[in-house]
Amino acid sequence: MPPPVFRFAPSPNGYLHLGHAFSAMLNFDLARESGGRFLLRIEDIDPTRCRVEFEEAIDQDLAWLGLSWEKPVRHQSEHFAEYRAALEKLIALGLIYPAFESRAEITRLIKQNEAETLWPRDPDGAPLYPGTARALGLGERERLLRSGAPYALRLDMAAACARAGELSWRECGEGPQGESGMVAARPEAWGDVIIARKETPASYHLAVVVDDALQGVTDVVRGQDLFWSTSVHRLLQQLLGLPPPVYRHHRLIRDAAGQKLSKSTEATGLRELRAGGATPAEIRRRVGPA
């Protein structure tokens with residue numbers, strides 16, 4: 001039996017913080033304890049936010065923590081053709097449609113409808129896409145595409161779920177409400193998710209399942225904030241004929257106010273802690289055991 005394969009997959013759009021350190025060290029430790037492999041993957045599919053200096057800082061921070069990984073490192077920006085091939089499979093199945101509304105237009109439509117009834121939300125609390133573009137005729141779609149209008153390629157969730165049937169995944173960690181063992185997937189809770197955009201060959205959902213399959217990842221270890229996203233990933237794996245890994249969702253590292261650490265909130269970076277005299281051992285003590 002081949003050894004298990006673990007991965008840590010940050011985006012180089014900011015500096016790593018304690019939450020990243022916990023996840024990276026957990027993946028590394030599990031790989032070492034099981035005689036498995038540890039991979040680093042750079043999720044740089046968005047060129048407008050990803051920067052070379054952030055990737056260099058990722059390497060420095062992880063090496064400082066005492067982690068090592070296989071070379072070469074997979075960069076999403078070098079594999080657009082593979083994401084396009086997966087997208088084409090979904091298109092051939094009749095499960096993808098273009099949606100031309102702007103974010104502002106979608107928000108306005110939802111607010112209009114919420115005057116009468118509470119609009120449904122996804123597991124993260126965001127309003128579901130109303131699905132209006134599904135009703136566009138073929139002629140109108142082609143006209144809009146020829147016009148050069150921006151668009152998102154969305155998954156027809158109802159059709160996709162009908163094709164895939166009931167799905168589940170093996171959870172070796174714990175969900176937000178204590179879920180573990182075999183967990184029933186609920187991709188329909190996310191509505192018609194974005195799979196790609198006109199200017200971007202794949203969304204996170206599509207890229208991550210393609211990457212994990214092509215890299216032979218057997219164990220996905222990540223934060224609980226991505227627990228219910230696994231439902232979408234299991235759906236895409238089923239539709240694309242990709243092997244599902246085992247999942248282990250771990251607790252989140254939070255700040256003094258109880259909020260999860262985030263690049264967007266400028267959580268204290270590992271590089272700042274290192275510059276302030278912290279040691280890798282102190283970082284392990286701060287994040288605590290798995």
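Read the figures in this text as sums done on the coordinates, not as results from a lab. Given the structure is predicted, the values throughout are model-derived calculations rather than measurements. Reconstructed Cβ throughout: ideal geometry from the backbone, glycine too, with neighbour counts over all protein chains shown.
Taking the alpha-carbon distance from residue 260 and a cut-off under 30 Å, which lysines remain once sequence neighbours fewer than 8 residues away in the same chain are dropped?
111
Shape verdict for the stretch 67-146, please, from the Cα gyration tensor: rounded (a/c under 1.5), prolate (a/b greater than b/c) or oblate. If you can, show how the numbers build up before the last one.
Values: a/c = 2.94, a/b = 1.50, b/c = 1.96.
Oblate, since a/c reaches 1.5 and b/c is not below a/b.
Let me know the Kirkwood hydrodynamic radius for the stretch 27-118, please, with Cα pairs as the basis and the value in Å to one decimal.
Roughly 17.6 Å, rounded to one decimal.
So if I place +1 on the C-beta of Lys and Arg and -1 on the C-beta of Asp and Glu, and nothing else carries charge, what would the dipole magnitude of the chain be about its Cα centre? I want it in debye, nearest 20.
Its charge dipole is roughly 40 debye.
Report the semi-axes of the equivalent ellipsoid for the stretch 103-259 in whole Å, largest first, where each axis is √(5λ) for an eigenvalue λ of the Cα gyration tensor. List each step's numbers first, then the result.
Numbers: eigenvalues 174, 87, 46 Å².
Ellipsoid half-lengths, sorted descending, are 29, 21, 15 Å.
Order the peptides 230-237, 6-13, 178-185, 56-63 from the highest to the lowest mean number of other Cβ atoms within 10 Å of their residues. Mind dumping the intermediate values first?
Values: 230-237: 24.2, 6-13: 22.0, 178-185: 13.2, 56-63: 17.1.
Ranked from most to least packed, the peptides come out as 230-237, 6-13, 56-63, 178-185.
Amide H of residue 195 versus every other amide H placed in the peptide plane: which residues, excluding those fewer than 5 positions away on the same chain, fall under 5 Å?
Placed amide hydrogens put 153, 154, 155 under 5 Å from residue 195.
Quick check: residue separation of residue 108 and residue 32 times 0.36 nm, minus the Cα distance between them. What number comes out in nm?
Value of the extension gain: 22.3 nm.
If you average the sequence gap of Cα pairs under 8 Å that are 6 or more apart and divide by the length of the stretch 158-290, what percent do you get for the contact order? Present the calculation step by step, with values, prior to reporting the outcome.
Numbers: 147 pairs, mean separation 34.9, N = 133.
Here the relative contact order equals 26 percent.
Which of the trypsin sites (Lys or Arg not before Pro) found in the stretch 150-220 are in a DSSP loop and have at most 12 neighbouring Cβ atoms, other than their own, within 10 Å?
Those that pass, being in a loop and sparsely packed, number zero.
If you plug each phi of the stretch 122-134 into the Karplus form 6.51 cos²θ - 1.76 cosθ + 1.60 with θ = phi - 60°, what whole-Hz ³J(HN,Hα) values come out, in order, with x for Gly and Pro?
Listing the rounded values in order: 7, x, 8, x, 7, x, 6, 5, x, x, 5, 5, 5 Hz.
Averaged over all directions, how much area does the convex hull of the C-alpha atoms of the stretch 166-281 cover when projected, in nm²?
So the Cα hull casts an average projection of 10.0 nm².
How far apart, in nm, are the 7 Å Cα→Cβ label points at residue 88 and residue 224?
Inter-label distance under the simple model: 4.3 nm.
Return the FRET efficiency for the residue pair residue 168, residue 281: r is the Cβ-Cβ distance, R0 is 35 Å, and the value is rounded to the nearest 0.05.
Working: r = 39 Å, r/R0 = 1.12.
E(calc), rounded to 0.05, equals 0.35.
Could you grab the relative contact order for the stretch 36-108? Cα pairs under 8 Å, six or more apart, rounded to a whole percent.
With pairs under 8 Å counted, the relative contact order is 39 percent.
Which shape class, rounded, prolate or oblate, goes with the stretch 175-227 when its Cα gyration tensor gives a ≥ b ≥ c as root eigenvalues, a/c under 1.5 marks rounded, and past that a/b bigger than b/c marks prolate?
Since a/c reaches 1.5 but b/c is at least a/b, the shape of the stretch 175-227 is classed as oblate.
Can you work out D for the chain in µm² s⁻¹ from Stokes-Einstein, where Rh is the Kirkwood radius over C-alpha pairs, the temperature is 20 °C and the viscosity is 1.002 mPa s?
Details: Rh = 20.6 Å.
My calculation gives 104 µm²/s for D.
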